[in-house]
Amino acid sequence: MDQHAGGHAAMLAIGTANPTGAVLQDEFADDFFRVTKSDHLTELREKLKRICQKTGIEKRHFHLTEESLCAHPEFLDRELPSLNTRIDMAATAAPMLAQSAAAKAIAEWGRPVTNITHLVFSTYSAWQAPSADLRLASLLGLRPTVCRTMLSLHGCSGGGRALHLAKELAENNHGARVLVACIEITLVGIRSPNESNLVGHALFSDGAGAVIVGAGPFGEGERPLFEMVSATQTTIPGTEHALGMQVSGAGVNIHVGIEVPVLIGQNIEQCLVDAFSSGVDAACSWNDLFWAVHPGGRRILDTIDTVFKLEPGKLAASRHVLREYGNMSAATIVFVLDELRKRRGRGNGDNNLLPEWGALLAFGPGVTIEAMVLHCPRGPSLNKN
């Protein structure tokens, strides 16, 4: 019996969620230095303010509150062990935020939760076994036979990697329905400001994204949002130093080198050419595509604009997500896809607002580039918002 599905995998539903706590970007530096008792570092505070002003971010959401941070002074002192406390807090918070996003996706999908056959969970915010994927499965009421895969420390490329894996699972297992859940909570890495962590403090935030992925034949009520035609992963040789994460007794330290946008710019076009060369019959220019790009930062988006010579507005969905939510690492690409499908459904029911073909790009430690070719099915509007 052929175990392969019929045709390419597709995203069938999308859900997103954020913690309720929101911080305005133009107030972040003053608040952060006050809470961390670092007001005496005036030059450093002014530098963070300048960085925040250049990010293109207006607000961000955080699980960690001022009260909980004050209750854990060890988070702010890198000489004090805090990893166990961070893990314990994230072990509860991460699955619950993921549940909020997943519940929205499942409700939109409209099928019984027991029809989910696989769970792919991506995060750098959980390091226990059993981990957050099992907790999420329990919270949602997934079957005990659901096949779980945990992706850890993939950083900002984790959403692309999870979707790539979900595509392969759906296409190689007849009838499979894969729940992708991406969740990041910055409490695992927050600490007092210094010269090395200002960029991370200015960019990163908390959020969760979930996607239901499946391949044909599709059941009653199932409608593809984006077909996942081909996907590639490329690691730029010799760039391990430029972008990475280290886990220590003081939590997670994220390093983002200033050369990252340049490295991406030098390699990104060939990565996308390779993705489109993987059995995709689509003759189009870069400006004929719709774009789902992980907004790692404004410089990265500006670089993508320049390299591909994109027309104004091509990265509008990515810039919108960056402005409204900041960089939520792995979860961010799900927010961009959600924004794209919302824009697709606008215009008096005409879902031809988006081009037929699209490109998904995400970037993470390595430096690793995840690329995926997307196809936008034609038909009645699929927007549910």
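The values are calculated or read from the model by the stated rules, or taken from the named source; none is laboratory data. These numbers were taken from a predicted model, which means no experiment stands behind them. Positions of Cβ are backbone-derived with ideal geometry, glycine not excepted, and every protein chain shown enters the neighbour counts. The accessibility values were calculated without ligands, DNA or RNA, using every heavy atom of the protein model including side chains. Shrake-Rupley method; radii C 1.70, N 1.55, O 1.52, S 1.80 Å.
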Open item on the list: Accessible area per residue for segment 191-346 in Å², computed with a 1.4 Å probe and the full protein assembly in place, what is it?
Closed with: 37
- [ ] Take peptides 267-273, 182-188 and line them up by average Cβ neighbours within 10 Å, highest first, as a rough protection proxy.
- [x] 182-188, 267-273
Open item on the list: With the cut-off at 1.5 for a/c, could you classify segment 53-145 from its C-alpha gyration tensor as rounded, prolate or oblate?
Closed with: oblate
TODO: Please give the length that would be gained between Arg323 and Lys54 if that part of the chain were fully extended, namely 0.36 nm times their separation in residues minus their C-alpha to C-alpha distance (nm, one decimal).
DONE: 95.7 nm
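With charges only on Cβ, +1 for K and R and -1 for D and E, what is the dipole size of the chain about its Cα centre, in debye, rounded to 20?
I would put it at about 560 debye.
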Task: Rounded percent of accessible protein surface that carbon and sulfur make up, the chain, 1.4 Å probe - done: 52
Task: Answer label for semi-axes √(5λ) of the Cα gyration tensor in Å (calculated), chosen among (i) 33, 24, 18; (ii) 38, 26, 18; (iii) 80, 31, 20 - done: (i)
TODO: State, to one decimal in nm, how far the label point of Ile258 lies from the label point of Asn172, with both points 7 Å from Cα in the Cβ direction.
DONE: 4.3
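What is the gain in length, in nm to one decimal, between Asn115 and Thr145 on full extension, counting 0.36 nm per residue of separation less the C-alpha to C-alpha distance?
Taking Asn115 through Thr145 to full extension adds about 9.7 nm, to one decimal.
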Task: Accessible area per residue, Å², segment 1-117 with all protein chains present, probe 1.4 Å - done: 52
TODO: Could you check the simple spin-label distance between Ala22 and Ser248, using points 7 Å along Cα→Cβ, in nm with one decimal?
DONE: 3.6
Task: Long pairs among Lys49/Lys342; Lys54/Lys342; Lys54/Lys309; Lys59/Lys309; Lys59/Lys342, criterion Cα-Cα beyond 25 Å - done: Lys49/Lys342; Lys54/Lys342; Lys59/Lys309
Open item on the list: Would any residue of segment 260-278 have its amide N under 14 Å from a label point 7 Å out along Cα→Cβ of Asp288? List them or say none.
Closed with: 276-277
TODO: Could you check what % of the DSSP bridge pairs in the chain are antiparallel, to the nearest 5?
DONE: 75
TODO: Between Glu240 and Leu44, take the C-beta separation as r, use R0 = 35 Å, and let me know the FRET efficiency to the nearest 0.05.
DONE: 0.80
TODO: Please name which of Pro224, Ala208, Leu80 has its Cα lying farthest along the dipole of segment 80-238 towards the positive end, using unit charges on Cβ (Lys, Arg +1; Asp, Glu -1) and the Cα centre as origin.
DONE: Leu80
